[in-house]
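Report on one structure; see the data block that follows.
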Amino acid sequence: MIRSKKGGSFLVPRYNYVYEKAAEFLEDLQENLIYPLDFEKIISSKGWNLFKYSDLDKLHYSISPDGYSLYASNNFNIFINMFQPSSRRQFTYGHEIGHITLNHHLEFKKDLLSHNSDVKDALEREANCFARLIIAPAEIIRFLRPRTPYLIHKIFNVSQQVAEIRLTWVN
């Protein structure tokens, strides 16, 4: 929800919406829901474009050292830095798919994002939450009952940091 803030506007992260959209996303994958998620296969199945770049690609790297997404030519485009560790790419894929699934590209105007850091921050929080929910679902972690983040790290191909955060949130 966009609200006014001293002549400007800001967005309160819509976490209930994020949870609903993440559940729908995973439900759509139900027959092919295998962890760690194969994001390249998922992106292809959705008909979205995937572009890979490296640290040496100054244009893309200057936009983001990890990855980004945009809507252009009537399609979603995801750009991923392939020089990042696979566990980092896993989160970046989930994050960018979150932006797409949460309709950030279509619902929010580029001008609003470029001139309003509060709105941009809220959308980034939503995409981060979406990524956590689909990459390492709490229900699966609860079922596994891991005692350390290492098991989460190995099963879901997430960084040690993401594994620690997920274990903390689930517990």
Boolean, Y61 is surrounded by fewer than 18 Cβ atoms within 10 Å (Cβ to Cβ) and hydroxyl-bearing (S, T, Y): yes
Residue list for the range 141-159, filter: without any contact (Cβ under 8 Å) to a residue 60 or more places away in the chain and part of a helix (DSSP H, G or I): I141, R142, F143, L144, P149, Y150, L151, I152, K154
F76 open to solvent by less than 50 Å² (accessible area, probe 1.4 Å), at pLDDT 95 or above and of a type outside the set (K, R): yes
Helices (runs of 4 or more DSSP H) contained entirely in the range 1-101, each with at least 1 residues that are in contact with a Lys or Arg (Cβ under 7 Å, 6 or more places away or on another chain) and in contact (Cβ under 8 Å) with a residue 24 or more places away in the chain: 86-101
Residue check for Q90: over 14 Å from the mean Cα position of the chain (by Cα) and polar (S, T, N, Q): no
Residue within the range 93-107 that is charged (D, E, K, R) and open to solvent by less than 20 Å² (accessible area, probe 1.4 Å) present: yes
The range 113-140, subset in contact (Cβ under 8 Å) with a residue 12 or more places away in the chain and of a type in the set (K, R), residue surrounded by the most Cβ atoms within 10 Å (Cβ to Cβ): R132
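The values are calculated or read from the model by the stated rules, or taken from the named source; none is laboratory data. Note that the coordinates shown come from a computational prediction; the quantities given were computed from them, not determined experimentally. As a convention, Cβ positions derive from the backbone with ideal geometry for all residues, glycine included, and neighbour counts pool all protein chains shown. Quick note on the areas: whole protein, heavy atoms, side chains included, nothing else; ligands and nucleic acids left out. Shrake-Rupley method; radii C 1.70, N 1.55, O 1.52, S 1.80 Å.
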